[in-house]
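Asks: Here it is: the structure, laid out below.
The values are calculated or read from the model by the stated rules, or taken from the named source; none is laboratory data. Treat the numbers as computed from the prediction; the structure is a model and nothing was measured. Every residue, glycine as well, gets a Cβ built from its backbone with ideal geometry; the counts of neighbours run over all protein chains shown. The protein model used for the area step is the full one, side chains on, heavy atoms only, and it has no ligands, DNA or RNA in it. Shrake-Rupley method; radii C 1.70, N 1.55, O 1.52, S 1.80 Å.
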Amino acid sequence: MSDTKDKGKTTGRKPLTVSRGGGSGTVKQTFSHGRSKQVVVETKKRRTVGAQSKPSAAGKSTAKKAPPSGKEPSKLEAAAAKLGITVEELVQRQKVLMQRKKAEESRKAEQEKQQARTKALQEQQEAKQQQEKEREEAEARRKAEEAERKKAEAEAKKKAATEAKSGGRNDRGGKSSSRGAAPSQADLEAAASSAGGRRKGGRNDRDDRDRRDQGGGRGGRGNDSKRRRGKLTIASALGDDGDRQRSLASVKRARERERERRMGGEQKEKVSVEVTLPETITLQDLSGRMNERVADVVKFMMQQGEMMRGNDIVDADTAELIAEEFGHTVKRVSEADVEIGLEGVEDDPKDLEGRPPIVTIMGHVDHGKTSLLDALRSTDVVSGEAGGITQHIGAYQVQLKSGDKISFLDTPGHAAFSAMRARGANVTDIVILVVAANDSVMPQTIEAISHAKAAEVPIIVAVNKVDLQDSDPSRVLTDLLQHDIQVEAMGGEVQAIEVSALKKTGLDELTEAITLQAELLELKANPNRVADGIVVESQLDKGRGPVATVLVKRGSLQRGDIVVAGSQWGKVRALVNERGQQMKEALPSMPAEILGLDGTPEPGDAFNVVESEARAREITEYRQRMKRQKEGVATQRASLEQFMTSLKDGSADVKDLPIVLKGDVQGSVEAITQSLEKLSTDEVRANVVYGAAGGISESDILLAQSSGAPVFAFNVRANKQARDLAEKEGVEIRYYSIIYELIDDVKASLSGMLEPEKKETFIGYADILEVFNITKVGKVAGCKVTEGVVKRGCGVRLLRDDVVIHEGMLKTLKRFKDEVPEVSNGMECGMAFEKYEDIREGDKIECFEVEMIARSLD
C-alpha cells in the first residue's frame with residue numbers, strides 16, 4: 001500500500017501506515033494493584049554500514065533502483081533495504097527458497113508413494129498367503145469329507161449285503177425281501193450325506209451357537225451356555241472346546257500322509273545322475289552327489305547288514321554298489337586327479353622368448369669348480385666354504401660384458417654328494433666338466449660324465465690349473481677318450497677350453513663356448529604365464545624361516561604368488577637373489593630364494609604356482625598322505641625282510657647306532673644320510689632317527705635323550721637352552737663343518753660296535769697217563785706233554801679216539817704239588833678241567849690259546 005494509490009480516496013479514516021522516519025511515541029505499562037505508567041518510546045532508523053563503507057558498487061546500484069522523489073519505496077525494496085541487500089539478491093533468494101520447497105514437497109510425495117507401494121505389496125502378499133492357507137484348509141476338509149463318505153458307502157454296502165444274505169435264506173431262493181434289496185444310489189448318497197452332514201452339521205451348530213452368544217441374548221441370556229460350562233480350563237479360557245481348530249502339527253501330518261499317498265499312487269519317475277566317486281567317500285557326501293536323502297542311504301546299508309551312519313567312510317567299490325542300487329551311473333576318479341592340470345597347458349610357440357642358459361659345473365673334488373665360478377663372478381665364495389670344498393648347491397647368475405646372462409649351478413664334488421650332482425644335471429642345459437690338468441680324470445669326474453649322459457645334455461670340458469708346472473692338458477683329453485668324450489681337437493664334437501681359475505686365463509673363451517652352445521640349443525620359454533621350476537636347495541633360517549632356492553624354468557615368479565613345492569606350500573613373501581637383494585619377479589632361468597613356505601621342501605622337488613590356497617592345500621595334503629603311506633609300507637617291508645632274514649640265518653639282531661642329524665641345508669642332510677646308510681653292514685648300521693635342516697633345539701635334545709643317540713651338527717649350532725639341556729641330560733653334541741670328518745667318526749663308532757674276531761692258536765699236546773681222584777679237588781689227570789707247551793688258563797679239547805668229546809678251559813696245572821704257569825715238551829704235569837671230570841687213561845689233550853682281534857669297517 002503506497003501513498004500514490006491513496007490520493008484519490010476521500011474516506012474519513014486515515015489509512016494505517018508504518019512510520020518510515022524517526023519519531024517518538026508513548027507506551028502504557030500496566031503493573032499490579034492497578035498501577036500504570038506512560039513510557040516515551042523513540043524509534044530510530046537502522047544505519048546501513050555496508051552502504052557507507054562501499055558506496056562505489058552498492059551505492060550505485062541502490063541509486064539506480066531508488067524511487068523517484070516524492071514516492072515511497074515498495075515492499076520488496078523495503079525488505080531489501082531492511083536486510084541490507086539489493087532487490088536482485090532478494091529475488092534470487094526467494095527463487096532458491098521456492099525451488100527448495102518444491103524439491104522437499106516432491107521428495108515427500110515420492111516417499112509417500114513408495115510407502116504406499118510397499119504397503120500394497122505387503123497387503124497383496126498377506127492376501128495371497130491367506131488365500132493359500134484357506135485353500136489348504138479347504139483341501140484338507142475336502143479330503144476328510146471324501147474319506148468319511150467312502151467309509152459310509154463301504155458300511156452301507158456291507159450292511160446291504162448282509163441283509164440280502166439273511167433275506168435269501170428266509171425266502172429259500174425266492175424273491176429277495178425288501179430288506180435284502182440292493183441299496184439304490186439315493187440310499188448311498190443319503191448315507192454319505194448323513195456321515196458328512198454330521199461334520200457339517202457340527203460346524204453349522206457351532207456357527208449358530210456363536211451367533212447366539214454374540215447377539216442372541218439381548219437381555220443378557222446369550223452367555224448362559226458359558227456360565228453353565230462349569231470348571232474353567234485353559235482351553236475354555238482361550239475359546240470353546242468344541243470350537244478349537246486343528247493344530248499345526250496335525251495339519252502337517254495330514255499333508256505328509258496325502259503327499260505320500262499321491263507319490264505312492266503315481267510312482268514319480270526317478271532321475272538318474274552321474275555320480276563322481278573318489279577312492280573313499282562318506283555316506284553323507286555320497287547321498288548329496290546322488291540327490292538322495294541320507295536316511296535312505298543309511299537305511300539301505302542297514303538292510304545289507306551294515307550299521308553305519310552318515311559320516312562313516314566307505315570305499316569306492318561299496319559306493320559304486322550303492323549308487324547303482326539307487327539307479328545312478330558311476331564315474332570313478334583317483335586321488336591323484338588333484339594334480340591334473342597342475343603343470344598348465346603347453347605354450348604357444350609364438351609366445352616363446354629367448355632365455356639364459358642354465359650351466360652346471362661338475363667335476364672331482366678339489367679340481368677348482370668353485371674357484372672357476374668365482375673367477376667368472378669376480379667374487380670369493382670359496383673362502384666361505386669349510387675346507388675349501390663346496391657342501392651344497394649354489395645357484396648364481398652372471399652377466400657378461402656383452403650383456404648376455406648365464407645361470408650357474410655349482411655342485412659338490414665329494415663322493416657323498418652324488419644325489420646333488422644327479423639333481424644338478426637333470427635341471428641344466430649345459431654341463432661344464434672341470435678336470436684338473438695335474439690330476440686328470442678321477443672317480444667323481446667319471447660319475448659326473450655318467451650323470452650328464454643320463455640327462456642327455458651337452459658337455460663342455462674345462463681343463464683347469466694349466467698354470468701349474470706339472471699340468472698336462474693333453475693327458476686329460478686322452479683319458480677322456482676312455483669315457484666316450486671326444487673333443488674337437490681329436491675330431492669330436494665336445495668343446496675343450498684350457499682355463500686357469502687362479503690366473504683368470506681362458507675365461508672369455510669359456511663364456512664364448514657357453515654362448516655358442518646355447519645358441520645351438522635355441523633355449524626359449526614363455527615369461528607371460530604362471531611360473532614353475534625346480535627346488536635346488538632348501539634350509540631353515542632362524543630369522544627368516546623356511547627358505548627354498550628355486551630355479552624358474554617357465555613363466556615369471558612374483559611376490560604374492562601361491563606356490564606348491566613338493567609337499568609344502570605357501571605365499572611368496574619375498575624374492576631374494578644370490579647377492580641378498582630383493583626382487584619383484586624372477587624370470588625364466590633365474591635362480592631365487594623364496595620365503596613364505598610352511599616347511600622346507602626336498603631338493604629336486606618341482607614347484608608350481610596355483611590359483612588359490614584351497615587348491616594348494618588340497619595338493620599338499622594328498623602328497624603328504626602318499627608320503628606317509630609310502631614310508632610306512634617301506635618300513636614295514638624292511639622290518640619284515642630283516643626279521644625273515646634273521647630267522648633264516650639264525651643271526652643275532654643288528655646293532656643300531658642311533659643318530660640325530662641337523663644340517664644347514666636339506667641337501668647336506670640328504671647326502672650325509674645316504675653316506676651313512678652305505679656304511680651299514682649285516683651286523684651294525686647307522687640309524688638316522690631324525691634328520692632336518694636348522695639349528696639344534698631343545699626338542700632335538702629330548703629326542704636324542706629318549707633314543708640314546710648323539711646329536712651330529714653339520715654347520716649348525718645349538719642355542720643356549722639346548723646346550724644346557726644337553727649337559728643336564730648327558731646328551732653328546734658333535735659339531736662338524738666337513739662332511740668326510742663326520743663320516744669317518746661314524747665309521748669308527750660302527751667299527752667299535754663290531755664283535756671282535758676270535759683267532760685260535762695251537763700251543764701243544766699232552767697224553768693222559770693216569771687219572772687220580774683227589775678229595776675236594778676231583779679227578780686230576782697225570783699227563784705228559786708230547787708236543788709244544790701247556791699254559792695255565794689256556795683252552796683245551798679232550799680227544800678220545802681222535803674225536804672231540806669236550807672243549808673247555810684248563811683249571812689247574814701242577815708240577816709236584818706246585819702251581820706252574822706252563823709246562824714244556826717232554827715234562828710231566830697234573831691237569832684238571834673246569835666243570836668236567838669224565839677223563840680216562842689214554843685220552844689226548846689239545847691245548848690252544850684264543851686271541852681277540854678288533855675288527856673295522858673297510
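Asks: Is it the case that segment 530-548 has a residue that's of a type in the set (Ser, Thr, Tyr), farther than 27 Å from residue 602 by Cα and either crowded, with 21+ Cβ neighbours inside 10 Å or under 36 Å from the mean Cα position of the chain (by Cα) (or both)?
Replies: The first filter runs over segment 530-548 and keeps only residues of a type in the set (Ser, Thr, Tyr), leaving 538.
Checking which are farther than 27 Å from residue 602 by Cα leaves us with none.
There is no residue in segment 530-548 that is of a type in the set (Ser, Thr, Tyr), farther than 27 Å from residue 602 by Cα and either crowded, with 21+ Cβ neighbours inside 10 Å or under 36 Å from the mean Cα position of the chain (by Cα) (or both).
Asks: Would you check which residues across segment 377-393 are closer than 21 Å to residue 576 by Cβ and either open to solvent by 40 Å² or more (accessible area, probe 1.4 Å) or modelled with pLDDT of 70 or more (or both) and list them? Outline the logic, then answer.
Replies: Going residue by residue through segment 377-393, those that are closer than 21 Å to residue 576 by Cβ are 377-381, 384-385, 390-393.
377, 378, 379, 380, 384, 392, listed by residue number.
Asks: What pairs come out if I take residues in segment 607-623 that are at positive phi and pair them with residues that are of a type outside the set (Lys, Arg) and open to solvent by less than 30 Å² (accessible area, probe 1.4 Å) whose C-beta lies under 7 Å away, six or more apart or interchain?
Replies: Nothing qualifies.
Asks: Moving on. Can you tell me which condition residue 602 does not meet? The list is (1) of a type in the set (D, E, K, R); (2) in contact with a helix residue (DSSP H, G or I) (Cβ under 8 Å, 6 or more places away or on another chain); (3) in a helix (DSSP H, G or I), and all the others hold.
Replies: (3)
Asks: Any residue in segment 341-366 that is among the small types (Gly, Ala, Ser) sitting within a Cβ distance under 6 Å of a residue that is open to solvent by 70 Å² or more (accessible area, probe 1.4 Å) and part of a strand (DSSP E or B)? List the pairs, counting only those 6 or more apart or interchain.
Replies: Short answer, once both residue conditions are applied: 354/524.
Asks: Would you call residue 661 buried (at least 16 other Cβ atoms within 10 Å of the Cβ) and touching a helix residue (DSSP H, G or I) at 6+ places or on another chain (Cβ under 7 Å)? I'd like the intermediate steps shown before the answer.
Replies: Details: buried (at least 16 other Cβ atoms within 10 Å of the Cβ): yes; touching a helix residue (DSSP H, G or I) at 6+ places or on another chain (Cβ under 7 Å): yes.
Judged against the criteria, residue 661 is a match.
Asks: When you scan segment 307-374 for strands (runs of 3 or more DSSP E) that lie fully inside it, which ones turn up with 3 or more residues that are touching a strand residue (DSSP E or B) at 6+ places or on another chain (Cβ under 8 Å) and under 30 Å from residue 458 (Cβ atoms)? Before the answer, list the steps.
Replies: Working: elements: 313-315, 329-332, 358-363.
Ranges flagged: 358-363.
Asks: If the requirement is being modelled with pLDDT of 90 or more and out of contact with any helix residue (DSSP H, G or I) (no Cβ under 8 Å at 6 or more places or on another chain), which of these qualifies: 848, 833?
Replies: Working: 833 fails: modelled with pLDDT of 90 or more.
When all the criteria are applied, what remains is 848.
Asks: Continuing with this model, one more query. From 800, 855, which residue is at pLDDT 85 or above and either under 60 Å from the mean Cα position of the chain (by Cα) or within 19 Å of residue 778 (Cβ to Cβ) (or both)?
Replies: Working: 855 fails: at pLDDT 85 or above.
From the options 800, 855, the qualifying one is 800.
Asks: Does segment 291-305 contain at least one residue that is touching a strand residue (DSSP E or B) at 6+ places or on another chain (Cβ under 8 Å) and part of a loop (DSSP other than H, G, I, E, B)? Don't jump to the end; show me each part of the working.
Replies: Of all residues in segment 291-305, those touching a strand residue (DSSP E or B) at 6+ places or on another chain (Cβ under 8 Å) come to none.
No, that holds for no residue.
Asks: Taking residue 40 and the conditions (1) at pLDDT 55 or above; (2) open to solvent by less than 90 Å² (accessible area, probe 1.4 Å); (3) not in a helix (DSSP H, G or I), which numbered condition does it fall short on, given that it satisfies the others?
Replies: (2)
Asks: Please pick out the residue among 48, 86 that is of a type outside the set (D, E, K, R), open to solvent by less than 100 Å² (accessible area, probe 1.4 Å) and at pLDDT below 80.
Replies: Working: 86 fails: at pLDDT below 80.
Checking each option against the conditions leaves just 48.
Asks: Quick one: how many residues across segment 438-473 are of a type in the set (S, T, N, Q) and in a helix (DSSP H, G or I)? Working first, answer last.
Replies: Initial filter on segment 438-473 (of a type in the set (S, T, N, Q)): 438, 440, 444-445, 450, 464, 469, 471.
Add one more test, that the residue is in a helix (DSSP H, G or I), and what stays is 444-445, 450.
Residues flagged as of a type in the set (S, T, N, Q) and in a helix (DSSP H, G or I) within segment 438-473 amount to 3.
Asks: Suppose we filter segment 318-347 for residues that are of a type in the set (A, V, I, L, M, F, W, C), within 19 Å of the chain's Cα centre (by Cα) and surrounded by fewer than 14 Cβ atoms within 10 Å (Cβ to Cβ); how many remain?
Replies: If we filter segment 318-347 for residues that are of a type in the set (A, V, I, L, M, F, W, C), which is where we start, we get 319, 321-323, 326, 330, 333, 336, 338, 340, 342, 345.
Then drop every residue that is not within 19 Å of the chain's Cα centre (by Cα), which leaves 336, 338, 340, 342.
From what is left, the residues that are surrounded by fewer than 14 Cβ atoms within 10 Å (Cβ to Cβ) are 336, 340.
Qualifying residue count for the region: 2.
Asks: Just name the residue that is most open to solvent (accessible area, probe 1.4 Å) out of those in segment 605-634 that are assigned to a loop (DSSP other than H, G, I, E, B) and of a type in the set (Asp, Glu). It would help to see each step written out before you state the result.
Replies: Narrowing segment 605-634 to residues assigned to a loop (DSSP other than H, G, I, E, B): 605, 611-612.
From what is left, the residues that are of a type in the set (Asp, Glu) are 605, 611.
On the way: 605: 42, 611: 140 Å².
Among them, the one singled out is 611.
Asks: Scan segment 664-675 for residues that are crowded, with 24+ Cβ neighbours inside 10 Å and touching a helix residue (DSSP H, G or I) at 6+ places or on another chain (Cβ under 6 Å) and jot them down.
Replies: Residues satisfying the conditions are 667, 671.
Asks: Would you confirm whether or not segment 818-830 contains a residue that is among the small types (Gly, Ala, Ser), touching a residue at least 24 places away in the same chain (Cβ under 8 Å), part of a loop (DSSP other than H, G, I, E, B) and open to solvent by 80 Å² or more (accessible area, probe 1.4 Å)? If you could, list the steps in order and put the result at the bottom.
Replies: Going residue by residue through segment 818-830, those that are among the small types (Gly, Ala, Ser) are 824, 826, 830.
Within this subset, residues satisfying the condition of being touching a residue at least 24 places away in the same chain (Cβ under 8 Å) are 824, 826, 830.
Still in the running and part of a loop (DSSP other than H, G, I, E, B): 824, 826.
Pick out the ones that are also open to solvent by 80 Å² or more (accessible area, probe 1.4 Å) and you get none.
So far as segment 818-830 goes, no, none of its residues is among the small types (Gly, Ala, Ser), touching a residue at least 24 places away in the same chain (Cβ under 8 Å), part of a loop (DSSP other than H, G, I, E, B) and open to solvent by 80 Å² or more (accessible area, probe 1.4 Å).
Asks: Also, I was wondering about something else. Take the residues in segment 409-437 that are at pLDDT below 85 and outside any helix (DSSP H, G or I); name whichever of them is most open to solvent (accessible area, probe 1.4 Å).
Replies: Looking at residues that are at pLDDT below 85 and outside any helix (DSSP H, G or I), I get 414.
Asks: Checking the condition in contact with a Pro (Cβ under 8 Å, 6 or more places away or on another chain) and in a strand (DSSP E or B), which residue from 809, 852 passes?
Replies: Working: 809 fails: in contact with a Pro (Cβ under 8 Å, 6 or more places away or on another chain).
None of the others qualify; the one that does is 852.
Asks: I'm trying to understand the selection: among the residues of segment 453-470, which are in contact (Cβ under 8 Å) with a residue 12 or more places away in the chain and closer than 27 Å to residue 503 by Cβ?
Replies: Scanning segment 453-470 gives 458, 459, 460, 461, 462, 463, 464, 465, 466, 467, 468, 470.
Asks: Using beta carbons and a limit of 6 Å, which pairs, at least six apart or on different chains, have the first residue in segment 495-522 and farther than 16 Å from residue 434 by Cα and the second one open to solvent by 60 Å² or more (accessible area, probe 1.4 Å) and aliphatic (A, V, I, L, M)?
Replies: Here the result reads none, with nothing in segment 495-522 linked to a residue that is open to solvent by 60 Å² or more (accessible area, probe 1.4 Å) and aliphatic (A, V, I, L, M).
Asks: Starting from segment 264-290, keep only residues that are open to solvent by less than 40 Å² (accessible area, probe 1.4 Å), then list their pairs with residues that are at pLDDT below 80 whose Cβ atoms are within a distance under 8 Å, requiring at least 6 positions of separation or different chains.
Replies: From residues that are open to solvent by less than 40 Å² (accessible area, probe 1.4 Å), the pairs are 277/333; 278/333; 278/334; 278/335.
Asks: Name every residue in segment 572-587 that is out of contact with any Leu (no Cβ under 9 Å at 6 or more places or on another chain) and either polar (S, T, N, Q) or buried (at least 16 other Cβ atoms within 10 Å of the Cβ) (or both), in order of residue number. Steps first, please.
Replies: Within segment 572-587, the first condition is being out of contact with any Leu (no Cβ under 9 Å at 6 or more places or on another chain), and the residues that meet it are 577-581.
577, 578, 581, listed by residue number.
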